[in-house]
Amino acid sequence: MWTWIAVLSVIVLATLAIAAVIVVHRAVPIVKARITETLSARFHGRVELDSLNVSALPEVEVSGDGLRIYPPDGVVAAGATQPLIAVGHFSFQAGPIGLLVKPTHVRTVQVTGLQITIPPHEMWQQVSEKAEKHGGKIGIAVDEIVCDRSRLIIGTSKPDKDPKDFELKHIELHNVGPNRPWHYDAAITNAIPRGDIHAAGFFGPWQADSPGDSAVSGHYTFDHADLNTIKGIGGILSSVGDFQGQLDRIAIDGTTETPDFSLDTANHPLPLHTHFHAFVDGINGDTSLDSIEADLRGSKFTTKGSVIDLKGRGHAIDLDIDVPQGQIQDFLDLAVQTQPAVMTGTVGSKAKLHIRPGKERVVEKLSLKGNFTLQQIHFTNPQVQDKVDMMSLRARGKPKEAKPGAEDVNSHMSGTFDLNDAVMRFRDLDYVLPGARVNLGGIYSLDGQQFDFHGTVRTAVSLSQMVDSPWLSFLLKAARPFFGKKGGGAEIPVHISGTKSAPKFGLDVLHGHSDSGEAAGDRKH
């Protein structure tokens with residue numbers, strides 16, 4: 001009996017082995033046909049598969065190499081030469097009976113070396129609604145796709161644009177179905193600024209004849225983004241937010257935190273927080289900044305504008321900036337090397353910012369033009385503040401009180417400015433303090449080494465009333481025809497020059513009254 005049982009067992013095992021070989025042998029063409037048929041029906045394009053292997057032990061495992069899925073025929077005819085999807089290697093497991101049942105159910109597909117190349121949007125427009133679709137039915141149903149070492153390349157036909165190239169470290173697609181959104185979980189490496197992005201949400205259904213119309217939504221985190229990879233600025237940025245829309249127009253709402261944001265003109269890190277609403281074109285990479293609410297160390301301001309990708313050059317940034325009521329020292333600390341900031345006070349400003357593309361430092365590419373008002377001005381250099389206080393007392397006819405340490409006066413300033421090449425040019429600079437009005441124009445470099453202003457000082461009293469010496473007062477009465485102004489008082493041409501640490505004040509007899517209010521910084525003296 002035991003002998004017959006042993007023989008029977010051997011026969012059964014041999015039969016199973018032979019059956020497995022037959023199943024595997026028959027499964028290769030069946031599975032290959034189902035893979036190509038399913039993908040062709042899903043993406044409406046030609047499918048190629050270099051090799052396919054099926055093994056039966058210990059489970060039925062299918063693996064393949066060189067899978068290529070091409071765009072629809074109309075897109076190929078329009079000039080798309082690269083596969084829409086190229087897979088270096090894939091593998092999955094299935095039950096023996098499942099291979100012979102249609103559709104074949106697969107729980108997880110492992111993919112390495114995935115590259116998705118989306119042709120330019122204009123090529124997809126060549127696809128007619130009546131264009132011939134590749135036939136076939138869905139022969140394989142997949143629950144989950146796991147991809148490692150992937151790339152996404154979005155092409156463009158515009159001569160001033162570069163293709164967008166994204167490095168995708170790890171992607172998981174769940175509930176993969178033909179006519180429903182796919183749940184995804186992705187880890188992406190961002191090139192500039194360098195950092196890691198994690199996103200999770202829903203994508204699709206995939207619009208085979210117009211990928212830009214495919215829906216996308218989700219939540220993202222962007223951690224440890226090194227702003228030092230952008231020449232001229234520094235800090236470590238983190239961001240979180242939500243997004244939704246179509247691939248060619250994605251609405252994003254998010255926040256950023258940069259506790260140590262800095263410009264290399266000053267290298268003074270300041271905390272910067274923003275909340276933004278933007279629209280991103282996932283096809284060409286352009287971004288429309290609908291609104292940004294920013295807080296720089298307590299100074300709040302808003303911006304809006306655009307970030308445009310230019311082929312081979314980088315990004316051009318244009319922003320409208322509105323500072324309703326900030327602290328001037330916050331902006332000076334960020335941009336100017338001088339410490340402490342040359343002044344404190346409340347600032348309001350409207351300006352247009354442009355950063356041209358290029359590999360130069362940000363400050364070398366930056367231009368800023370606008371107007372401003374300053375209230376409650378206080379100069380941090382005691383010598384400068386003393387000169388301002390004493391000038392105010394003299395201008396009001398109180399020369400005996402004009403001594404160092406006098407009480408600070410309440411002053412305000414307004415004007416227009418133009419920043420280029422790290423040099424600020426001021427025009428129509430109007431500085432008002434009790435008893436005097438100063439009209440100036442000139443330049444101030446962000447490194448504090450260039451300081452040159454010319455203009456006039458108009459005072460409430462005459463020159464002779466601004467001195468406490470009777471003899472000097474008598475002599476200055478003779479100068480009234482030269483420095484007097486209609487209605488009384490005096491009009492004095494002045495020149496302010498020197499450096500951040502040693503400003504110099506003096507009469508500007510050479511320029512006289514004709515130069516008041518002009519931007520004298522463009523002239524050589």
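Please work out how much accessible surface Glu167 shows to a 1.4 Å probe, ignoring ligands, DNA and RNA, in Å² rounded to 10.
90
Compute the separation of the alpha-carbon centres of the stretch 33-90 and the stretch 372-412 and state it in Å as a whole number.
One Cα centre to the other: 79 Å.
Dipole of the stretch 289-387, Cα-centred, from +1 at each Lys and Arg C-beta and -1 at each Asp and Glu C-beta, to the nearest 20 debye?
380
Once phi is turned into ³J(HN,Hα) by the Karplus curve 6.51 cos²θ - 1.76 cosθ + 1.60 with θ = phi - 60°, what whole-Hz value does each residue of the stretch 199-210 show in order, with x for glycine and proline?
Couplings: 10, 9, x, 10, 10, x, x, 5, 8, 4, 8, 7 Hz.
Decide, for the stretch 336-380, between rounded, prolate and oblate: order the square roots of the alpha carbon gyration tensor eigenvalues as a ≥ b ≥ c, take rounded if a/c falls under 1.5, and otherwise choose prolate if a/b is larger than b/c, else oblate.
Oblate.
By how many nm would the segment from Asn267 to Lys231 lengthen if fully extended, with 0.36 nm per residue of separation less the alpha-carbon distance?
11.7 nm
Suppose R0 equals 22 Å; then what is the FRET efficiency for Gln449 and Arg427 from their Cβ-Cβ distance, rounded to the nearest 0.05?
So the FRET efficiency works out to roughly 0.55.
What residues have an amide H closer than 5 Å to that of Ile118, excluding those fewer than 5 places away on the same chain, when H is modeled at 1.01 Å from N in the peptide plane?
Ile153, Ile154, Gly155
Select from Pro399, Pro382, Val432 the residue farthest towards the positive end of the dipole of the stretch 381-433; place +1 on Cβ of Lys and Arg, -1 on Cβ of Asp and Glu, and compute about the Cα centre.
Working it through, the farthest residue towards the positive pole turns out to be Pro399.
So how do Thr108, Thr456 rank on accessible area, 1.4 Å probe, biggest first, that is with the largest at the start?
Largest to smallest exposure gives the sequence Thr108, Thr456.
What does the extension gain come out to for Arg107 and Trp471, with contour length at 0.36 nm per residue minus their alpha carbon separation?
Working it through step by step, the gained length comes to 120.7 nm.
Per residue, how big is the convex hull of the stretch 332-445 when only Cα atoms are used? Give it in Å³.
Enclosed volume per residue, from the Cα hull, is 93 Å³.
Tell me, what HN-Hα J-couplings in whole Hz come from the Karplus equation 6.51 cos²θ - 1.76 cosθ + 1.60 at θ = phi - 60° for each residue of the stretch 402-419, using x for Gly and Pro?
Coupling constants for the stretch 402-419: 7, 9, x, x, 4, 4, 5, 8, 8, 10, 9, 9, 8, x, 10, 9, 8, 9 Hz.
List the residues whose amide H sits under 5 Å from the amide H of His268, counting only those 5 or more places along or on another chain, with H placed 1.01 Å from N in the peptide plane.
Leu263
Which links in Lys369/Lys504; Lys169/Lys359; Lys398/Lys485 stretch past 22 Å when you go from one Cα to the other? List each step's numbers first, then the result.
Numbers: Lys369/Lys504 27 Å; Lys169/Lys359 27 Å; Lys398/Lys485 19 Å.
Where the Cα-Cα span goes over 22 Å, the pairs concerned are Lys369/Lys504; Lys169/Lys359.
The values are calculated or read from the model by the stated rules, or taken from the named source; none is laboratory data. Fair warning: this is a prediction, and the values are worked out from it, not measured in the lab. Every residue, glycine among them, receives a Cβ derived from its backbone with ideal geometry; neighbour counts consider all protein chains shown. To get the accessible areas, we keep the full protein, side chains included, count just its heavy atoms, and leave off ligands, DNA and RNA. Shrake-Rupley method; radii C 1.70, N 1.55, O 1.52, S 1.80 Å.
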